[in-house]
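Undergrad: I'd like to ask some things about the structure below.
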Protein chains: 2
Amino acid sequence: MAPSLAIACQAATERPARALAPTSRVAAVCSEVQASRIGHKLDLPSVLKTPFKIVHGPPSSSAGNPAEIAKLFPHLFGQPSASLVPSDATSAVSKQNLKIGVVLSGGQAPGGHNVITGIFDYLQEHAKGSTLYGFRGGPAGIMKCKYTELTSDYIHPYRNQGGFDMICSGRDKIETPEQFKQAEETALKLDLDGLVVIGGDDSNTNAGLLAENFRSKNLKTRVIGCPKTIDGDLKCKEVPVSFGFDTACKIYAEMIGNVMVDARSSGKYYHFVRLMGRAASHITLECALQTHPNITIIGEEVAMKKLTLKNVTDYIVDVICKRSELGYNYGVILIPEGLIDFVPEVQQLIAELNEILAHETVDEGGLWKNKLKPQSLQLFEFLPQAIQEQLMLERDPHGNVQVARIETEKMLIQMVEVELEKRKQENRYKGGFQGQSHFFGYEGRCGFPSNFDSTYCYALGYAAAALLHCGKTGLIASVGNLGAPVSDWTVGGTALTSLMDVERRHGMVCF
Amino acid sequence: MAPSLAIACQAATERPARALAPTSRVAAVCSEVQASRIGHKLDLPSVLKTPFKIVHGPPSSSAGNPAEIAKLFPHLFGQPSASLVPSDATSAVSKQNLKIGVVLSGGQAPGGHNVITGIFDYLQEHAKGSTLYGFRGGPAGIMKCKYTELTSDYIHPYRNQGGFDMICSGRDKIETPEQFKQAEETALKLDLDGLVVIGGDDSNTNAGLLAENFRSKNLKTRVIGCPKTIDGDLKCKEVPVSFGFDTACKIYAEMIGNVMVDARSSGKYYHFVRLMGRAASHITLECALQTHPNITIIGEEVAMKKLTLKNVTDYIVDVICKRSELGYNYGVILIPEGLIDFVPEVQQLIAELNEILAHETVDEGGLWKNKLKPQSLQLFEFLPQAIQEQLMLERDPHGNVQVARIETEKMLIQMVEVELEKRKQENRYKGGFQGQSHFFGYEGRCGFPSNFDSTYCYALGYAAAALLHCGKTGLIASVGNLGAPVSDWTVGGTALTSLMDVERRHGMVCF
């Protein structure tokens, strides 16, 4: 018992008044920030503010395998892209009322609500008396005909707000003949003129199939997609960026910036920050460009250069050693969520593990390891014990290794520690190393959309409704020329089939 | 090999221009937000804008054990508090130039830079020609006489900016006679009239000892403390809040709000969010008040009610089951970083483990466990295996269990899973449960200080300089009446000894 002098700490009793963070969409209890964002005025591209008509481009093909895509889309393949241009006529489109459905598909991305308000406002402006149905909980809402009729009052509190909670989202897909049948029944029951699918690459593939299906059955229901994914990997010439990417990167970059200032202020930690983005490292790259961390690992580069985990570890350790010589024993390292998917030797090891664990019992003595090829065994032994256990124990319902659950940032910290210790023994490193791990993911999917995403999404929604109003189907809304002022943004639609390729998925990599 | 249709993803090539996150303090490359914050004008309490004089309160005592505190502080004990009040005289304080040192001590908190700019601006305004030294890297900078002379140009880029990187911080303490001697040498070498110590409870205890020591040696160097800690547990009647707490809670609350919207949008995850704050759950409580999560665990309540981990788990599981009956299989749960320190049975287990592991070898068969008392053994067996291993393996240099490294949020997820599975077997729960874990800590220590923290810290710095200028020592700068407009804030100093108590630290709990 050592008496020690200390300032007595007391319990919290007073606190200064402050803004309430987002908790509810009831306007009456929304915070100052929420209210200020609701009132934020959005500009529209000029072409959407005047009478417009549609001009068509040349027939389209596909991103790859055109023959196969043409066979899958007999009615839609080859559609030209559509561009909205100002028209002299007072109105180039019919005055008819429309019944439109909208669905949010897949993971959240800031701006989704604005796509919906864009559709709604277009209908109010150009087809007064139209009805907008929001399918609840993603594509399952279409199949089960679970929807909410979206009114002006209903959508108001969601203007310029993050999240998908206006109608919620889900990851179901409309794939089987029975599911297509259910979608048809909903389309008929609600007498739908059109459907807007807000989603990523999978969801837009699905939107294309749905458009083809409705057309083949001679249903009047047309389908337009909207490009959503914070990962930023759904893009092409006509769709320069998917929405949500801009906001997510800004949120992560602010957090990374905070951590960088923290690292420099205390001078004693290396922060390993894993960032969302499994199939693409775009978020990591963009955040690196915004924050200038000490080290950034880009998955695509690792794959292209066929780097091993040992190579990646050595690269990090080399930088740490050089910084240490300069007196800096701290820093920030960015890592994409999907890093280990990009490492060829890891893919090989996982394939072998999936095979072995499906057919063999794992003996405590480790004899099962003899089934691994020498290179894979070497990699397995190189991995920290906790990661070995994760690879052995965490299996999905199909028995496959759950790569996404591996905490890559912690794995790298452990591997870096081992290598630094080795160099210390060899007198090649004299610094101190303390790793801190972070994963920035869910925090960025539902933040307030940036001004860019707010405006971009509103234009996408407006464009999607305009395309439906003009009788278009099987297109993805495309708003371009985004580097220019909003008034000069281009607006149109691009054939979904033109973005498609046939992807061969090997049994060995499953997420 | 199953061919599957997919929209081809392409590599990032274009990106819209956007703001650069904080990377460097060189004004030329600072971001728009940084520049806008640098230019943010701060108001001062009225009393600091006019000639002022000091009035004293009654003699002070201590928070506890006054006889012991009096013995430790023979020169300073009993000092009255000092309040600044407007004065009719043109100037109540001397025109003399001052040499002042300032040091940042301990963990970062948003607003630290503004304390320094407050000191600087006071000196410019009231004692032109004074010199301000910033000791580098915390109290070690005082002992090693490592400092930077802070000029107008030097401090400009740090105005209203987060972090402690202007002069950096450290956790060293000035404790031994040799260390006090080093501090005296620095004070003499730089001819210091005063020193401002910006820190938490430990650092302010240290500031008091330093003030006493300088006074006892007849040095002219006076010492003033400033209340800093994002944990919000350094407070008393005169010091209503420590700086950084307001900003940190706002940053965390925004992230929690994002995660809550995410939870509601996807409807399938329970997010377990661990929040910074080891010795106090104030941050967790404040974030709960700001965001209204589904469940909040408060450490102090757990301790008061003598709850066990099983009680806490059951409480969470009860709520999950009730929500599931209503159709909600998602939610957000806030947990303070120091939760398990508050659970009496865990403290007991850790004490026994520290004792056993110090003297026994741990046999693989687990015979060592027989040394645990029955209740502790039961708790140990109740813990998930990963936590058992952490308790056994992760030891600090003194051989003690590193409680702070236990990921409480993951531990709770695992215990909740086990209990839910049990209730499912008993047909008492039919929902689906997927836990996601988060730790929000470092992201909140170096963010841009809120307007409140910016203004509060500036006033604290101004006050600290004013107190030194008036010849005060051994006080903590206290700015009060914070619920009123800034002009009505009260300004003064409170005897550091009046906040002190003698804390008995048991060998068993060490961090």
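Undergrad: For region A:71-215, what is the convex hull volume of its Cα atoms per residue in Å³?
TA: Spread over its residues, the Cα hull of region A:71-215 gives 128 Å³ apiece.
Undergrad: Relative to the longest principal Cα axis of chain B, at what angle does helix B:282-291 sit, 0 to 90 degrees, rounded to 10?
TA: 70 degrees
Undergrad: Test of the criteria: in region A:340-432, which trypsin sites (Lys or Arg not before Pro) are in a DSSP loop and have at most 13 other Cβ atoms within 10 angstrom of their Cβ?
TA: The qualifying sites are A:Arg428, A:Lys430.
Undergrad: Along the charge dipole of the protein assembly as shown, which of A:Ala35, B:Ser105, B:Ala404 sits closest to the positive end, that is, farthest toward it, with unit charges on the beta carbon of Lys, Arg, Asp and Glu (+1, +1, -1, -1)?
TA: In the protein assembly as shown, that residue is A:Ala35.
Undergrad: Also: For chain A, what does -39500 (n - 2.57) per DSSP helix run (n ≥ 4), summed and divided by total residues, give at 222 nm, in deg cm²/dmol to the nearest 500?
TA: -11500 deg cm²/dmol
Undergrad: While we're on this one: Calculate the tail of P(r) for region A:374-496: the fraction of all Cα-Cα distances greater than 26 Å, expressed in %.
TA: Pairs farther apart than 26 Å: 57 percent.
Undergrad: Tell me, Kirkwood radius of region A:368-416 from alpha-carbon pair distances, in Å?
TA: Computed over region A:368-416, the radius equals 11.6 Å.
Undergrad: Normalised radius of gyration for chain B, please: alpha carbon Rg relative to 2.2 N^0.38 Å, two decimal places.
TA: 1.11
Undergrad: Related question: Can you tell me the orientation of helix A:451-469 relative to chain A, as the angle in degrees between its alpha-carbon axis and the longest Cα principal axis, to the nearest 10?
TA: Computed tilt is about 40 degrees.
Undergrad: How big is Rg to Rh over region B:309-369, alpha-carbon atoms, Rh as the Kirkwood inverse-mean-distance radius?
TA: Result: Rg/Rh = 1.20.
Undergrad: Using the crude model of +1 on Lys and Arg Cβ and -1 on Asp and Glu Cβ, and no other charge, please compute the dipole size for the protein assembly as shown relative to its Cα centre, in debye to 20.
TA: 1560 debye
Undergrad: For B:Glu301, go 7 angstrom from Cα along the Cα-to-Cβ vector, then report the distances to that same point in the other copies in nm, smallest first.
TA: Going from nearest to farthest copy, the values are 4.8 nm.
Undergrad: If you take the C-alpha gyration tensor of region B:453-501, multiply each eigenvalue by 5 and take the square root, what semi-axes do you get, largest first, in whole Å?
TA: Whole-Å semi-axes of the equivalent ellipsoid: 20, 13, 9.
Undergrad: Place a +1 charge on the Cβ of each Lys and Arg in region B:190-271 and a -1 charge on the Cβ of each Asp and Glu, then give the dipole magnitude about the Cα centre in debye, rounded to the nearest 20.
TA: 80 debye
Undergrad: How much accessible area per residue does chain B have, counting only protein heavy atoms and a probe of 1.4 Å, in square angstrom?
TA: In whole numbers, chain B has 40 Å² accessible per residue.
Undergrad: Using +1 on the beta carbon of Lys and Arg, -1 on that of Asp and Glu, and nothing else charged, what's the dipole of chain A about the Cα centre, debye to 20?
TA: The calculation lands at about 840 debye.
Undergrad: Can you give the extra length, in nm with one decimal, that the chain gains between B:Gln124 and B:Gln425 once fully stretched, where that is 0.36 nm per residue apart less the Cα-Cα distance?
TA: 101.1 nm
Undergrad: Any chance you could check the Cα centroid distance between region A:211-238 and region A:141-199 for me, in angstrom?
TA: Value for the Cα centre distance between the two parts: 14 Å.
Undergrad: Right, another one. Which of the listed residues, A:Cys249, A:Gln348, A:Thr296, is farthest toward the dipole's positive end in region A:247-444, when Lys, Arg count +1 and Asp, Glu count -1 at the beta-carbon?
TA: It is A:Thr296, whose Cα lies furthest towards the positive end.
Undergrad: Provide an ascending nm list, one decimal, of label-point separations from B:Lys371 to the equivalent residue in each further copy; define each label point as 7 Å from Cα along Cα→Cβ.
TA: Distances to the matching label points in the other copies: 4.0 nm.
Undergrad: Kindly compute the accessible surface that chains B and A hide from a 1.4 Å probe when together, both sides summed, and give it to the nearest 100 Å².
TA: 7700 Å²
Undergrad: Right, another one. Compute the helix-to-body angle for A:112-126: its Cα long axis versus the longest principal axis of chain A, expressed 0 to 90° and rounded to tens.
TA: 10 degrees
Undergrad: OK, next. At 4 °C and 1.567 mPa s, what whole-number value in µm²/s does Stokes-Einstein give for the translational diffusion of the protein assembly as shown, with Rh from the Kirkwood sum over Cα pairs?
TA: 41 µm²/s
Undergrad: Additional query: Within region A:302-320, which residues have the backbone N less than 11 Å from the label spot 7 Å out from A:Phe382 along Cα→beta-carbon, could you tell me?
TA: A:307-315
Undergrad: Right, next: Given the convex hull of the Cα atoms of region B:192-267, what is a quarter of its surface area in nm²?
TA: 6.6 nm²
Undergrad: How much FRET efficiency would the formula 1/(1 + (r/R0)^6) give for B:Leu219 and B:Arg278, where r is the Cβ-Cβ distance and R0 is 35 Å, rounded to 0.05?
TA: Efficiency at R0 = 35 Å is approximately 0.50.
Undergrad: Label-to-label distances across copies for B:Lys146, with labels 7 Å out along Cα→Cβ, in nm, shortest first?
TA: Between copies, matching label points for B:Lys146 lie 6.0 nm apart.
Undergrad: If one computes P(r) from the Cα atoms of region B:247-444, what percent of pairs lie at distances over 22 Å?
TA: That tail contains 50 percent of the Cα-Cα pairs.
Undergrad: On to the next question. Give me the accessible area of A:Phe439, 1.4 Å probe, in Å² rounded to the nearest 10.
TA: Surface open to solvent at A:Phe439 totals about 60 Å².
Undergrad: Which loop GluC sites (Glu not before Pro) in region A:296-375, with loop taken from DSSP, have no more than 13 other Cβ atoms within 10 angstrom of their Cβ?
TA: The qualifying sites are A:Glu360, A:Glu364.
The values are calculated or read from the model by the stated rules, or taken from the named source; none is laboratory data. Quick caveat, the model's predicted, so the values are computed rather than measured. In this analysis, Cβ positions are derived from the backbone assuming ideal geometry, glycine residues included, and neighbour counts consider all displayed protein chains. Surface accessibility is based on the protein's heavy atoms, side chains included, excluding ligands, DNA and RNA. Shrake-Rupley method; radii C 1.70, N 1.55, O 1.52, S 1.80 Å.
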